[in-house]
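Working notes, beginning with the structure itself.
Throughout, read-outs are computed from the coordinates displayed, never taken from laboratory work. Since we're looking at a predicted model, the values are computed, not measured. Note that we place each Cβ from the backbone using ideal geometry, even for glycine, and neighbour counts take in every protein chain shown.
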Amino acid sequence: MFAAVRLRALADAVGEDDPSFREEVSFTAAQWRRRLRDHAQFAALLEERPVGLIGAQYENAEAVYLYSLWLDPAVRGRGLAHSLVTAAVDWAGECRVRTVKLRVAADNMAARGVYEDLGFTISHDEDHRRDGELMMSLSVR
Ligand SMILES: CC(C)(COP(=O)(O)OP(=O)(O)OC[C@H]1O[C@@H](n2cnc3c(N)ncnc32)[C@H](O)[C@@H]1OP(=O)(O)O)[C@@H](O)C(=O)NCCC(=O)NCCS
């Protein structure tokens, strides 16, 4: 189930020609299991069908890093992203870290709207910075 929704998300968000799609589409079952062991994954379900995903990586005792927030285009605009990110932030709180971090394209107003609504603010941490992207963070402790 995770592999299928992750590949749908990648195909929609970055396209099937993107290196990350091409790499993951050929993952073995063992590689998918390793991904699920290494990172927490949260899915949004609608009538038991997975329609959204977000990944959360425990970086260290200080921070959890969120990545690859995605909702099926058919279910956008209903506030589902808010609950999905909240689930990942709650998990970070249970991990007892201080901060939740993520990267977002500066012009992705829908994603920024979700994060800002939850209290994320733009941070100036250089660790994960790339062109055209902002780092955002939220204190959870
Ligand atoms: C990012 C994503 C999960 C957001 O889900 P969504 O259902 O589209 O988000 P919503 O419709 O709930 O919008 C979130 C907020 O942004 C606002 N918003 C949406 N589109 C906007 C736009 N083009 N300009 C300004 N604000 C916008 C909404 O009004 C809402 O704010 P509100 O809660 O104060 O009303 C979804 O668009 C998606 O999967 N996009 C493709 C993948 C992606 O970009 N992921 C983010 C990686 S960091």
## Note on the structure
Conditions (1) over 20 Å from residue 12 (Cβ atoms); (2) within 14 Å of the ligand (Cβ to nearest atom) -> residue 121 fails only (2)
### Query
Name the residues in the range 44-74 that are of a type in the set (A, V, I, L, M) and near the ligand (Cβ under 7 Å from one of its atoms), would you?
69, 71
### Message
Suppose we keep only residues that are part of a loop (DSSP other than H, G, I, E, B) and within 12 Å of the ligand (Cβ to nearest atom) within the range 75-97. Which one would you say is nearest to residue 7 (Cα to Cα)?
### Response
76
### Task
Quick one: which residue in 81, 106 is touching a helix residue (DSSP H, G or I) at 6+ places or on another chain (Cβ under 6 Å) and free of Cβ contacts under 8 Å to residues at least 40 places away in the same chain?
81
### Message
Every residue in the range 24-42 that is in a helix (DSSP H, G or I) and either touching a helix residue (DSSP H, G or I) at 6+ places or on another chain (Cβ under 9 Å) or farther than 28 Å from residue 86 by Cβ (or both), please.
### Response
24, 29, 30, 31, 32, 35, 36
### Query
Quick one: how many residues across the range 93-126 are in contact with a Phe, Trp or Tyr (Cβ under 7 Å, 6 or more places away or on another chain) and charged (D, E, K, R)?
1
### Task
Please give the number of the condition residue 6 fails out of (1) within 24 Å of residue 108 (Cα to Cα); (2) of a type outside the set (Gly, Ala, Ser); (3) in a helix (DSSP H, G or I); (4) over 13 Å from the mean Cα position of the chain (by Cα).
(4)
#### Entry: Hits in the range 42-57 - residues which are over 12 Å from residue 102 (Cα atoms) and either surrounded by 20 or more Cβ atoms within 10 Å (Cβ to Cβ) or in contact (Cβ under 8 Å) with a residue 12 or more places away in the chain (or both)
42, 43, 44, 46, 50, 51, 52, 53
### Top-ranked residue of the range 21-34 - restricted to ones that are within 18 Å of residue 9 (Cβ to Cβ) and without any contact (Cβ under 8 Å) to a residue 24 or more places away in the chain, ranked as surrounded by the fewest Cβ atoms within 10 Å (Cβ to Cβ)
26
### Summary
Inside the range 101-124, the number of residues satisfying the requirement of being exposed (fewer than 15 other Cβ atoms within 10 Å of the Cβ) and in contact with a strand residue (DSSP E or B) (Cβ under 6 Å, 6 or more places away or on another chain) is 4
### Message
Go through (1) in contact (Cβ under 8 Å) with a residue 24 or more places away in the chain; (2) within 12 Å of the ligand (Cβ to nearest atom); (3) in a helix (DSSP H, G or I) for residue 135 and report which single condition fails.
### Response
(3)
